[in-house]
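Trainee: Could you have a look at this structure, given as C-alpha cells, before my questions?
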C-alpha cells in the first residue's frame, strides 16, 4: 500500500487559527492567483486546499521546480552507484569528446557542476533543438567549472541525459519504481514534457499535483530515507542541502538542484510553483499558483515564512467554531468569478455558424507550451458556434483534429477533458465567456495543467470576425498578442 501524508488538525501541529487565517487572507488579497496549497509538519498535513476550478488530484505545471525532481533522480542514481558527482561529462559521452578537444575546461566538467549551475558557460542551446545534447558539447565554457553561476537549463537536463546514458531509462521511467510509487506518487497520471529526442525536460517539464511536490520535499525532510529504506544517497542529500554556489547575485544561494534561502530549501518554479522545506520547524509547504510580478512573489514568500515562523512547539487549542469556520473556508475556496454577461439572443444568432480563419493566427490550445516542444503548436483553422441554454458549445478545429468545448456565460467555470489535437498532452480546460458589447465576445481559456490564462476576443461583422489572442503577462514567459481574420462559412 502506498504511503500518503496523513492529515492532522492545524492546532495539533502547533498552528493557531490566527496564523492560518492571516495566511489565507494574504493570498486572497494579493494580486496573485493561488491554485493549491498543502502544508505539513512532522510529516502530517495540517492545511490543504484548492481554489476552484483547480482541485484535488489536478496536475499542474511545475516550471523550474522540475530541477529539484531531477536532483532526486540524481540522488537515486548515486545511491545505486550508477553516477558519481566526480564523473566527467566527456567520459559519460565519449562520442562527443572530439567536439571538446582543445577547448578550455571541458576535461574538468563534472556532474557536480551541472547540478549546481556552475558549469562555467554563459550561454546554452535551445531547449527545443533536436540535437540539444550535441549542441551542449559544442558550447563554449567561459569560466573554470565551479567558479561561476549561470542558470543553465540545458545543463540541468544533461543530468537526465547522464542517467539515461548509464541506464537506458528516461527520468520518468527511472524514478517511477525507485521513488515515485514508494512515496505514494502515481507516475501514470503525471505529465513530463520532453525534449525532441524523447528525454524528459529535466529543467522545467514536470507536471504534478501539489501533494506530489510535498511528498518529494518530504523525502528531503527525511534525508532520503522512506519507511526505513534509503532512496537517495546520503552523499547526495548532504551535497544538495548545503550551499554549493554563492555566485547567484541574489539573496538565495544554490545547492544541488535546489535553492537555499535563509532557513529554507526551495524547489522553485516560475510563477510561484514552490515546494519548501523549513528544517528548523520540521515543516514542508507546497504551493501552486500564478504570480505575475516580482513584487507579489516577494509578498507571498513573506506570507509563507510568517506562517512557518508562528508554528509553536506545543499544540494550540482551537474552539469548535474556529475549526468549523476553517473547514468551511477550505471547502469553498475559489479564484475570483469570471467576467460574465449573458446575451442569449446574440448567442442564438451565432448558433449553427462557423468561422474559417483566412489569414493571421488564432489560438485556443495551450500553444504557449511550445517552449518545451514545437510539435505542441496547434493554430486554429475554424470555430463553430452552438447556443445551449444561454451558454455556448464551441467547436474548435485545428490541423490535428476537432474538439467541442463548453463555454459558460453565466459566471461559473466548467471543467472538461478535451482530447489532444497535437503532441501536447495538456487536456483539462475551463472556458468562460462574456459579451463586451453586442458584437464582441471575450473568452477566458484556462488549461489547468498549465499556469497560463489566455483570452480570445471575437469582434463580429457581416462577413466574419476579427480575432485577437492574448495571454496574461506573467514575466519572463510573455507572448505577444496575435490577430486573425475569419470569414463565415
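Readers should treat all values here as calculations from the given coordinates under stated rules, not as data from a laboratory. No experiment lies behind these values; they were computed from the predicted model shown. Here the Cβ is made from the backbone with ideal geometry for all residues, glycine too, and neighbour counts use every protein chain on show.
Trainee: Where does the chain land at 222 nm, in deg cm²/dmol rounded to the nearest 500, when only DSSP H runs of n ≥ 4 count, each adding -39500 (n - 2.57), divided by all residues?
Mentor: Details: 13 runs with 120 residues, N = 489.
Here the helix-only value at 222 nm equals -7000 deg cm²/dmol.
Trainee: Looking at the square roots a ≥ b ≥ c of the eigenvalues of the Cα gyration tensor of the range 301-347, which shape do they give, rounded for a/c under 1.5, prolate if a/b is larger than b/c, or oblate?
Mentor: It comes out oblate by the Cα gyration axes.
Trainee: Over all directions, average the projected area of the Cα convex hull of the chain and note it in nm².
Mentor: Working: hull surface 96.7 nm².
About 24.2 nm², averaged over all directions.
Trainee: What's the FRET efficiency of residue 223 with residue 455 using the Cβ-Cβ distance as r and R₀ = 35 Å, to the nearest 0.05?
Mentor: Calculated transfer efficiency: 0.15.
Trainee: Over the range 413-489, what is the mean sequence separation of C-alpha contacts under 8 Å (at least six apart), divided by residue count, expressed as relative contact order in percent?
Mentor: That works out to 18 percent.
Trainee: Now a separate question. R0 = 35 Å: FRET efficiency of residue 44 with residue 173, Cβ-based, nearest 0.05?
Mentor: Result of the calculation: an efficiency of 0.65.
Trainee: Another question about this same structure. If we count other beta carbons within 10 Å of each Cβ, what is the order of 158, 271, fewest first? The partial results should precede the final answer.
Mentor: On the way: 158 30, 271 22.
Exposure proxy ranking, most exposed first: 271, 158.
Trainee: Sticking with this one: What is the gain in length, in nm to one decimal, between residue 138 and residue 478 on full extension, counting 0.36 nm per residue of separation less the C-alpha to C-alpha distance?
Mentor: 119.5 nm
Trainee: Here's something else I'd like to know. Once you place label points 7 Å from the Cα toward the Cβ at residue 7 and residue 340, how far apart are they in nm?
Mentor: Label at residue 7, label at residue 340, 2.7 nm between them.
Trainee: Here is a further query. Please rank 326, 215, fewest neighbouring Cβ atoms within 10 Å first, as an exposure proxy.
Mentor: Least crowded to most crowded, the residues run 326, 215.
Trainee: What FRET efficiency comes out for the pair residue 374/residue 317, r = Cβ-Cβ distance, R0 = 60 Å, nearest 0.05?
Mentor: Between residue 374 and residue 317 the formula returns 0.60.
Trainee: Full extension from residue 238 to residue 415: what is 0.36 nm times the residue separation minus their Cα-Cα distance, to one decimal in nm?
Mentor: 59.4 nm is the gain from fully extending residue 238 to residue 415.
Trainee: Rounded to the nearest 10 degrees, what's the angle between the helix 17-29 long axis and the longest principal axis of the chain, both from Cα atoms, 0 to 90?
Mentor: Helix 17-29 sits at roughly 60 degrees to that axis.
Trainee: State, to one decimal in nm, how far the label point of residue 151 lies from the label point of residue 18, with both points 7 Å from Cα in the Cβ direction.
Mentor: 3.7
Trainee: Can you give the relative contact order of the range 94-158 as a percent, counting alpha carbon pairs under 8 Å and 6+ residues apart? Could the numbers behind the result be given before it?
Mentor: Details: 96 pairs, mean separation 28.0, N = 65.
Rounded, it is 43 percent for the range 94-158.
Trainee: Within the chain, what percent of beta bridges assigned by DSSP are antiparallel, to the nearest 5? Kindly include the intermediate steps, with their values, before the conclusion.
Mentor: Values: 92 of 97 bridges.
Antiparallel: roughly 95 percent of the beta bridges in the chain.
Trainee: Classify the range 369-489 from the C-alpha gyration tensor, please: rounded if a/c falls under 1.5, else prolate or oblate depending on whether a/b exceeds b/c.
Mentor: On the way: a/c = 1.38, a/b = 1.31, b/c = 1.05.
Verdict is rounded for the range 369-489.
Trainee: While we're looking at this one, here's another question. Counting alpha carbon pairs within less than 8 Å and at least 6 residues apart, what relative contact order, in whole percent, applies to the chain?
Mentor: Rounded, it is 16 percent for the chain.
Trainee: If you don't mind, there's one more thing I want to ask. Cα axis of helix 210-221 to longest principal axis of the chain: angle in degrees, 0 to 90, nearest 10?
Mentor: 10
Trainee: For the range 1-121, what class follows from the C-alpha gyration tensor (a ≥ b ≥ c being the square roots of its eigenvalues): rounded when a/c is under 1.5, otherwise prolate if a/b is larger than b/c, else oblate?
Mentor: Because a/c hits 1.5 or more and a/b exceeds b/c, the range 1-121 counts as prolate.
Trainee: Moving on to the next point. Sort 274, 132 by Cβ crowding within 10 Å, fewest neighbours at the top.
Mentor: Fewest-to-most ranking of 274, 132: 132, 274.
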